[in-house]
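Asks: I'd like to ask you about the structure that follows.
The values are calculated or read from the model by the stated rules, or taken from the named source; none is laboratory data. Keep in mind that this is a model prediction, so the values were computed, not measured. Every residue, glycine as well, gets a Cβ built from its backbone with ideal geometry; the counts of neighbours run over all protein chains shown.
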Amino acid sequence: MHITNIAVLVSGRGSNLQAIIDNIENGTIPNASITVVLSDVGGIYALERAQNHGIDTFFVNPVQYEDKASYESEILRILEKYNIGLILLAGYMRVVGPMLLNPYRNKMLNIHPALLPSFPGLHSQKQAFDHGVKVSGCTVHFVDDSVDTGPIIIQKCIPVLEDDTEETLAARILEQEHKIFPEAVRLFVQGQLRIEGHKVRILE
């Protein structure tokens, strides 16, 4: 039985990481294992979450490298030890460069707290709230060469309520992230995703 080894890149609390861990452990995501978690920020809760489940963790400090390519080369060096078949960006706050992307093209997924292609980049919940949209949500997509522009796998839509604040909207979006990110991982691991041009077909 083939097991897909997963690496997760994080920069913060790691709630999406925890959702993936939980879905692997309860069998919802079969034939998969998170073997390593890497962070560009030291001392964050996401690393503690991983360690609590016996997952190897690494803090790779970007300031110790002269440029992005050198930094990503170190990440690649670590990943090569784990025979990684899928990389997840779970609240990873850096734009992935070609050094890291090219070896894992079509094997890297990102979760974004907006309905792409609307509101890409940082502070997307605030962007949506400030624009007065009536619906918002979240998107799981393949990572490509630009920011939040890769082929879309799953989206979840939620209404923006009259009494919502930026914080309550973000919290409700996060609840949906914890559902669709594991589902996208399950589909990938089970070979049910096919990229056709800029669209993703979900196979039965």
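Asks: Return the only residue of 156, 126 being at pLDDT 95 or above and not assigned by TED's automatic domain parsing to the domain that holds residue 86.
Replies: Answer to the selection: 156.
Asks: Of the residues that sit in region 4-45 and are hydroxyl-bearing (Ser, Thr, Tyr) and in a loop (DSSP other than H, G, I, E, B), which one is farthest from residue 62 (Cα to Cα)?
Replies: So the residue we want is 28.
Asks: Please work out which residue is nearest to the chain's Cα centre (by Cα), limiting yourself to region 83-102 and to residues that are farther than 30 Å from residue 166 by Cβ and surrounded by 15 or more Cβ atoms within 10 Å (Cβ to Cβ).
Replies: 86
Asks: Same structure again: Only residues that are of a type in the set (D, E, K, R) and either touching a helix residue (DSSP H, G or I) at 6+ places or on another chain (Cβ under 9 Å) or surrounded by 14 or more Cβ atoms within 10 Å (Cβ to Cβ) (or both): list them for region 109-160, please.
Replies: Once the filter is applied, which keeps residues that are of a type in the set (D, E, K, R) and either touching a helix residue (DSSP H, G or I) at 6+ places or on another chain (Cβ under 9 Å) or surrounded by 14 or more Cβ atoms within 10 Å (Cβ to Cβ) (or both), region 109-160 yields 126, 130, 144, 145, 148, 156.
Residues checked against (1) touching a residue at least 24 places away in the same chain (Cβ under 8 Å); (2) of a type in the set (S, T, N, Q); (3) closer than 19 Å to residue 147 by Cβ:
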{"site": "15", "(1), (2), (3)": "yes, yes, no"}
{"site": "50", "(1), (2), (3)": "yes, no, no"}
{"site": "87", "(1), (2), (3)": "yes, no, yes"}
{"site": "103", "(1), (2), (3)": "yes, no, no"}
{"site": "109", "(1), (2), (3)": "yes, no, yes"}
{"site": "113", "(1), (2), (3)": "yes, no, yes"}
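Asks: Quickly run through region 156-194 and pick out the residues that are in contact (Cβ under 8 Å) with a residue 24 or more places away in the chain, in contact with a Gly (Cβ under 9 Å, 6 or more places away or on another chain) and not in a helix (DSSP H, G or I).
Replies: Across region 156-194, the qualifying residues are 156, 157, 160.
Asks: Please state which of the following conditions residue 14 fails to meet, knowing it meets all the rest: (1) among the small types (Gly, Ala, Ser); (2) over 21 Å from residue 170 (Cα atoms); (3) crowded, with 18+ Cβ neighbours inside 10 Å.
Replies: Checking residue 14 against (1) among the small types (Gly, Ala, Ser); (2) over 21 Å from residue 170 (Cα atoms); (3) crowded, with 18+ Cβ neighbours inside 10 Å, the one that fails is (2).
Asks: Considering only region 4-19, how many residues are touching a Phe, Trp or Tyr at 6+ places or on another chain (Cβ under 7 Å) and either closer than 18 Å to residue 79 by Cβ or among the aliphatic types (A, V, I, L, M) (or both)?
Replies: Total satisfying the criteria: 6.
Asks: All but one of (1) surrounded by 19 or more Cβ atoms within 10 Å (Cβ to Cβ); (2) outside any loop (DSSP other than H, G, I, E, B); (3) of a type in the set (Phe, Trp, Tyr) hold for residue 58, so report the exception by its number.
Replies: (1)
Asks: Here's a follow-up. I'd like to know if region 177-184 contains one or more residues that are under 18 Å from the mean Cα position of the chain (by Cα), crowded, with 20+ Cβ neighbours inside 10 Å and within 20 Å of residue 122 (Cβ to Cβ).
Replies: yes
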